[in-house]
1. Using the structure shown, decide if A:Met107 is within 16 Å of ligand 3 (Cβ to nearest atom), under 15 Å from the mean Cα position of the chain (by Cα) and within 10 Å of chain B (Cβ to nearest Cβ).
2. Considering only residues that are without any contact (Cβ under 8 Å) to a residue 60 or more places away in the chain and surrounded by fewer than 24 Cβ atoms within 10 Å (Cβ to Cβ), which ones fall in the range A:89-108?
3. Can you pull out the residues in the range B:63-83 that are in contact (Cβ under 8 Å) with a residue 40 or more places away in the chain and among the acidic types (Asp, Glu)?
4. So which residues in the range A:108-134 are in contact with a Cys (Cβ under 6 Å, 6 or more places away or on another chain) and in a loop (DSSP other than H, G, I, E, B), if there are any at all?
5. Taking A:Ile206, is it surrounded by fewer than 24 Cβ atoms within 10 Å (Cβ to Cβ) and assigned to a helix (DSSP H, G or I)?
6. When you go through (1) at negative phi; (2) surrounded by 24 or more Cβ atoms within 10 Å (Cβ to Cβ); (3) under 19 Å from the mean Cα position of the chain (by Cα) one by one for B:Phe243, which number turns out not to apply?
7. Name the single residue that is surrounded by the most Cβ atoms within 10 Å (Cβ to Cβ) among those in the range A:152-203 being of a type in the set (Gly, Ala, Ser) and within 16 Å of ligand 1 (Cβ to nearest atom).
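The values are calculated or read from the model by the stated rules, or taken from the named source; none is laboratory data. This structure is a prediction, so every number in the text was calculated from the model and none was measured. Neighbour counts are summed over all protein chains in view; Cβ atoms, including those assigned to glycine, are modelled from backbone coordinates with ideal geometry.
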Amino acid sequence: MSTTDVPDESEPGGSDDSGGPSRRDIIKGTIGGTLVAANAYLFNNIRQTSAQGDGTPGVRERFSNQLKLTVNGRERFVRVEDQERLAETLRSKLGLTGTKFGCDRAMCGACTVQIEGDPIYSCTYFTKDAVGKEVTTVEGLSEGGQLHPIQESFIEELGGQCAFCTPGMIMSAKSLLEENGDPTREEVKDALEGNLCRCGNYENEIESVLTAAERM
Amino acid sequence: MQQDMIPPLEHIDATSVEHAVRLLGEHGSDAATIAGNTDEINWLKNRDRTPEVLVDLKPIEELKEIEETSDGGLRIGALATLSDVQNHDAVNDGYSIIADAMGEIATPQIRNQGTIGGNLTQDSRCWYYRGGFDCYRAGGNTCYAITGESSDHAVTDYSRCITAHPSDGAVALIALDAEVVVRGPRGERREPLSEFFVGPEDNITVMHDLAHDEILTHIEVPSDWRGTNFYFEKVRGRDAWDFAIGNIAAAVKTSGGTVSDLRLVANGFAPTPKRLRTAERSIRGSRLSEGNIASASENVLPNARPQSDNEYKLNLADGLVKRALSNVA
Ligand SMILES: Cc1cc2nc3c(=O)[nH]c(=O)nc-3n(C[C@H](O)[C@H](O)[C@H](O)COP(=O)(O)OP(=O)(O)OC[C@H]3O[C@@H](n4cnc5c(N)ncnc54)[C@H](O)[C@@H]3O)c2cc1C
Ligand code: SF4
Ligand code: FES
Ligand code: FES
C-alpha cells in the first residue's frame, strides 16, 4: 500500500453514518462539532429549495457553491473541486474514512463504493459525477447499530486479516449478493476479482461472502 | 492528503456531441476528452498530462444506447459501459464474442465505469511510456523497451516504437467487421474499425486516427457474422486486472463442412490489432481437420522480428490460432 490510513486533520467535521461513535469520531467531533451545528442552522431553512434527484442545482448549491450528494441515503452538501475524486470527498470532507485509498490507480479495490448499486473505484471517479446518484459506502451497511450480515460474516470467518481491503471487499460482495443471492464459489471469485488483498486472505474472504449469502 | 492530487482544472459537461466538438475546438490543446475517465485519470494523477479543461462526454445519453439495427446488426454507442455491452441481450444474442471479450477486461469496477469507446481509444500500456520516460512515443529519441524490458511488447509490424495494442474489445469487434462512426467539426465520417488504429510508422504519438476535436460516437456491427462460430481467448499473467499478453478473436463461417470465410484477429503482438491473414488464407475453403489446423497454426506471424525477451510470443500466437480453430463453437 502506498498510503497509510491516518486521520486527516483538515476534516471539517462531517460525521459518519455508522451506528456507534468510532475512535475517529471522537477526535473529529471535538474539532468539528461546532461547525456542523452552525452549518446546519444556516442552511436548514433553504434545504427545501435544493437540488432534486435529477442533479439540477438548486438555490443552496448555487449560493453556497456546494454540490448535493446522496450518500448512504442521506443528503450531504459539500464544496467540491472539479478535479476532486469521490474517495477524497468521502474521506476528507464527509468523514467517511471506511473507504480506503490503497493504490490510487484503479489497481487494488480498497476504495470500492457503490454508485446506484454498482461497484466502482472511488479513487477513479470524479465526485462531480456522483450528483443525482445514490452513493453507498461501507458506513451505510449497518442499521441502527446492527451490523449487516456481510459485515458479521467477515468478522466470524476472519475475512479481515489486516482488514485494509475489507471495506472494498464488502462493497463488491454486497453488489454481488444484491443481484445473486445464492452465488457459487466461482461467482464469488469473479465478483471479488477487482479487490486485491495484500494479506492473501482470499479463502476467508470467499468463505465470508458464501456464509453471508446463506444468511441473507 | 497523501494520494496524488490532480492539479486544478475545469470539468465541463458536454450536453451534446456538437457541444463537445465545439468545446474541443475552442479550448484546443488545453482540453482533453473524457468518457468513463478510467484511463485518462491516471495520466492526470501522474501529471504527465495537465489539461486545463476536461470535456466530459458522460452526460450525452444518446451515446450510451445499444440497439439492434433493422437488418439485425448492432449499433453500440461509444459511451456504453463495458458492463452494459457485456450484459446486453442484443449483444449476447448472436454476437456473444463481444460479451466474452468485455467480460475479460480489467475488473467489474472498471467495466462498470469504462466505456467501449474508451477501450478502443485507450493509449499504449508500455511501462516506460506510462512511467513518464521520454521515449520516441513521448517525443524523445530512443525506445527504452528495445534496450530494456520488452516481454509484453510487439513482435511484428513495429517501427521505432514496439508497443503492443492493449485492447481486448478491438479484436472481437474487428473479427465481426465492425465500423466506427466519428463526428467532428466537418460532420460525420465512418471507417472500418480495422483502419481506425494507427501504427508508429504512420504516427508514433497516437494509437488511433481521431483528430483532437473528433468524437467517436458509435460502433456498428454488420449482421454478416451474426450467430456464426466464435472463439475468444485472452492470455494474461493473472486472471483479473491484467492486460493481455496476447489475445485472439475468431469468427468462422462454415458451409457443408468447409470454412467459407473466417476472421482471426489478435492483440498483444503488434502496435495495432493484427489480422492473422496467413492463417486465414490457409484454412479458408478447407475443412477444420486436425491436419489443416496444425498447418494453419504454424508460423502465423511470418514477418515477426521479436526481441530476445518476447520471442515466446511467436509460439503463443501459433498456439492461440490452434486453440481458436480447434474450439470455435
Ligand atoms: C487497471 C486497468 C486495467 C485495464 N485492463 C484492461 C484489459 O485487460 N483489457 C482492455 O482491453 N482494457 C483494459 N483497460 C482499459 C479500459 O478498457 C479502459 O480504461 C476503458 O475502457 C477506457 O474507457 P473510459 O471511458 O474510461 O475512457 P477515458 O479514460 O475517459 O478515455 C480514454 C481515452 O480515450 C479518449 N476517448 C474516450 N472516449 C472517447 C470518445 N467517445 N471519442 C473520442 N475520444 C474518446 C479520451 O480522450 C482518452 O484519451 C484497463 C484499464 C485500467 C485502468
Ligand atoms: S515501446 Fe514505444 S512507448 Fe514503449 S518505450 Fe519504446 S517508444 Fe516508448
Ligand atoms: S485506491 Fe486502489 S483501486 Fe482505488
Ligand atoms: S489486505 Fe490485509 S486482509 Fe486484505
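1. On the way: within 16 Å of ligand 3 (Cβ to nearest atom): yes; under 15 Å from the mean Cα position of the chain (by Cα): no; within 10 Å of chain B (Cβ to nearest Cβ): yes.
Spelling it out, it is not the case that A:Met107 is within 16 Å of ligand 3 (Cβ to nearest atom), under 15 Å from the mean Cα position of the chain (by Cα) and within 10 Å of chain B (Cβ to nearest Cβ).
2. Of all residues in the range A:89-108, those without any contact (Cβ under 8 Å) to a residue 60 or more places away in the chain come to A:89-90, A:105-106.
The one that is without any contact (Cβ under 8 Å) to a residue 60 or more places away in the chain and surrounded by fewer than 24 Cβ atoms within 10 Å (Cβ to Cβ): A:Arg105.
3. Just the residues of the range B:63-83 that are in contact (Cβ under 8 Å) with a residue 40 or more places away in the chain, to begin with: B:63, B:69, B:71-79, B:81-82.
Answer for the range B:63-83, where residues must be in contact (Cβ under 8 Å) with a residue 40 or more places away in the chain and among the acidic types (Asp, Glu): just B:Asp71.
4. Here is the first cut: in the range A:108-134, the ones in contact with a Cys (Cβ under 6 Å, 6 or more places away or on another chain) are A:110-111, A:121-123.
Once the filter is applied, which keeps residues that are in contact with a Cys (Cβ under 6 Å, 6 or more places away or on another chain) and in a loop (DSSP other than H, G, I, E, B), the range A:108-134 yields A:Ala110, A:Cys111, A:Ser122, A:Cys123.
5. On the way: surrounded by fewer than 24 Cβ atoms within 10 Å (Cβ to Cβ): yes; assigned to a helix (DSSP H, G or I): yes.
Spelling it out, A:Ile206 is indeed surrounded by fewer than 24 Cβ atoms within 10 Å (Cβ to Cβ) and assigned to a helix (DSSP H, G or I).
6. Result: B:Phe243 passes all but (2).
7. First, pick out the residues of the range A:152-203 that are of a type in the set (Gly, Ala, Ser): A:153, A:159-160, A:163, A:168, A:172-173, A:175, A:181, A:191, A:194, A:200.
From the residues that got through so far, the ones that are within 16 Å of ligand 1 (Cβ to nearest atom) too are A:168, A:172, A:194.
Numbers: A:Gly168: 29, A:Ser172: 24, A:Gly194: 26.
Among residues in the range A:152-203 that are of a type in the set (Gly, Ala, Ser) and within 16 Å of ligand 1 (Cβ to nearest atom), the one surrounded by the most Cβ atoms within 10 Å (Cβ to Cβ) is A:Gly168.
Yes/no per residue for (1) within 24 Å of B:Gly139 (Cα to Cα); (2) away from ligand 1 (no atom under 11 Å from the Cβ); (3) assigned by TED's automatic domain parsing to the domain that holds B:Phe269:
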{"residue": "B:Asp168", "(1), (2), (3)": "no, no, yes"}
{"residue": "B:Ile174", "(1), (2), (3)": "no, yes, yes"}
{"residue": "B:Glu179", "(1), (2), (3)": "no, yes, yes"}
{"residue": "B:Glu188", "(1), (2), (3)": "no, yes, yes"}
{"residue": "B:Ser194", "(1), (2), (3)": "no, yes, yes"}
{"residue": "B:Asn203", "(1), (2), (3)": "yes, yes, yes"}
